[in-house]
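The values are calculated or read from the model by the stated rules, or taken from the named source; none is laboratory data. Predicted model, so just to flag it, every value in this text is computed and none were measured. Positions of Cβ are backbone-derived with ideal geometry, glycine not excepted, and every protein chain shown enters the neighbour counts. Accessible surface areas use protein heavy atoms only, side chains included; no ligands, DNA or RNA. Shrake-Rupley method; radii C 1.70, N 1.55, O 1.52, S 1.80 Å.
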Amino acid sequence: MTLMCVVVGILVAASNLRHGAIPDTNALLDINPWRFILQTLAPFNSTQLGQATPGSAGAYLPMAVVFLVGRVIHVPLVAVQGIWITTIVAVSGVGMAWLFREWTGRDRPVQIAASALLYMANPYVWYDMKGSTELLIPYVCTPILCVLAVKALRSRQAHFVVWIGVLFGFSGIGVNPPEAIIAACVVGAFAVTEVLRGTVKPGAAIRVIAGIVIAVVLLSVWWMGPFIAYLGTSGAQAYFTTDPMSIQAWASSFREVLRLMGLWAAYSGNNGVPYYPESAFLNSNTVVALTLAAPALFIAAIGRLSQRENWRALLLGVLVAVSVPLAVGTFPPATPGLTGQIYSWLSVHVVGFDAFRSVYKWVAVIALAYALAIPVCIDALAANAGRLADFGRQVGGALVAGLVVVYLIPGITGDLFPASYRLGDIPKYWYEA
């Protein structure tokens, strides 16, 4: 399974970087990764750390380490970017495969592979890949954090708690606090489900959860302190005024969100050139019809799970039921529905909720729920014994395979990055400076 994820990651990186177009360009990161890391770790720099400020945001730290290693061993910059993209894609797939196997108890390779592919290759990944790959770090780490939380509660072993603290401390970095909060909510939902199932006694669960919270806080204080200080600056306030909800939610209809779409820029462009080259494929009529199979398959899977595994069906159903209205936000902005009016009210009356003005972030939760549920459809449609069993299995497998292929195509056809992302030669005097 790991090999499959690595191969897919290599295909995505190779096909999209073959023309030298890369998304993560920053003068200091490209020229002097070591100095970039030192600047990233500058303690309590309230004017720099806390948001995606080029050359100073803590969220770039994992990427900067890869760039530093590449620089030390003299790997070309585009190749280093390829290694980073491969890592992002592969680790997300491996993490989801681990979660699917551990949490569902299913060990059929075809189901595990489908789960991994649905999570590592979908519109949410492709759009963030073009925007800035460090934004995918919380998304990549969420399945791993869920597994560790479940194992910590079931075994009550301290090393799982420590690993959660370490991983969240370096994946929940303040480049995008809403994404970190969303990841924490998902992990919390998995933990609460374990407690409600009765797999762990309440007293032991409280101790484990308290240990997790303490570990996360202690290992995240290096970026939480500067981030809290940064919130009081004028630079931080600008993030709450740019790209307002009226822009963020103008395309996030229920239909688009349910097929993991809805990002406003995916339907826009400049002078006839789309912001996201893959949007032409994903928004074509045929692909729209095919990707609408995702919510249908999810419902079929929930129906199957509810027959024997009510608690799994309940958790996944709740995750989607909560995240879909949040991802829709105030669509349509001129006349929002009931959920949109509630979202607007929360943004005005709940302190900090307006940080979630970019509603597309909630689609990450839907992608995770789909990846855990939809592979079950390979067997769900074959629940009846007799002649219909083989036919149902074939139909379920074909639908899941078709969805996987449709979601994978944009990533391996080389259309993720526009031509303007091509990187030219870095002048020698930049290094000297």
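Does Phe298 satisfy the condition of being at pLDDT 85 or above, aromatic (Phe, Trp, Tyr) and within 21 Å of the chain's Cα centre (by Cα)?
Here the answer is yes, as Phe298 does meet what is asked.
Can you tell me which condition Gly93 does not meet? The list is (1) touching a Leu at 6+ places or on another chain (Cβ under 6 Å); (2) of a type outside the set (Asp, Glu); (3) surrounded by 24 or more Cβ atoms within 10 Å (Cβ to Cβ), and all the others hold.
It is condition (1) that Gly93 fails.
Kindly list, by first and then second residue, each pair from a residue in region 344-360 that is on the phi < 0 side of the Ramachandran plot to a residue that is open to solvent by less than 30 Å² (accessible area, probe 1.4 Å) and acidic (Asp, Glu), limited to pairs with Cβ atoms under 7 Å and residues at least 6 apart or on different chains.
none
For region 1-24, name all the residues that are open to solvent by 50 Å² or more (accessible area, probe 1.4 Å) and not β-branched (Val, Ile, Thr).
Passing the criteria: Met1, Leu3, Met4, Leu11, Ala14, Arg18, His19.
Pull out all pairs, ordered by first then second residue, where Cβ-Cβ is under 7 Å, the residues are six or more apart or on different chains, the first lies in region 66-92 and is more than 17 Å from Val6 (Cβ to Cβ) and in contact (Cβ under 8 Å) with a residue 60 or more places away in the chain, and the second is open to solvent by less than 10 Å² (accessible area, probe 1.4 Å) and of a type in the set (A, V, I, L, M, F, W, C).
Val78/Ile22
Would you call Val94 modelled with pLDDT of 90 or more, more than 30 Å from Glu194 (Cβ to Cβ) and assigned to a helix (DSSP H, G or I)?
No; evaluated as a whole, the condition is false for this residue.
Which residue out of Val78, Val166 is more than 25 Å from Val216 (Cα to Cα) and open to solvent by 10 Å² or more (accessible area, probe 1.4 Å)?
Every option except Val78 fails the conditions.
Look at Ala364 and say whether it is within 30 Å of Gln111 (Cα to Cα) and open to solvent by less than 20 Å² (accessible area, probe 1.4 Å). Before the answer, list the steps.
Details: within 30 Å of Gln111 (Cα to Cα): yes; open to solvent by less than 20 Å² (accessible area, probe 1.4 Å): yes.
Criteria met by Ala364.
Out of (1) modelled with pLDDT under 90; (2) farther than 24 Å from Lys361 by Cα; (3) crowded, with 20+ Cβ neighbours inside 10 Å; (4) not aliphatic (A, V, I, L, M), what's the single condition that is false for Phe160?
(1)
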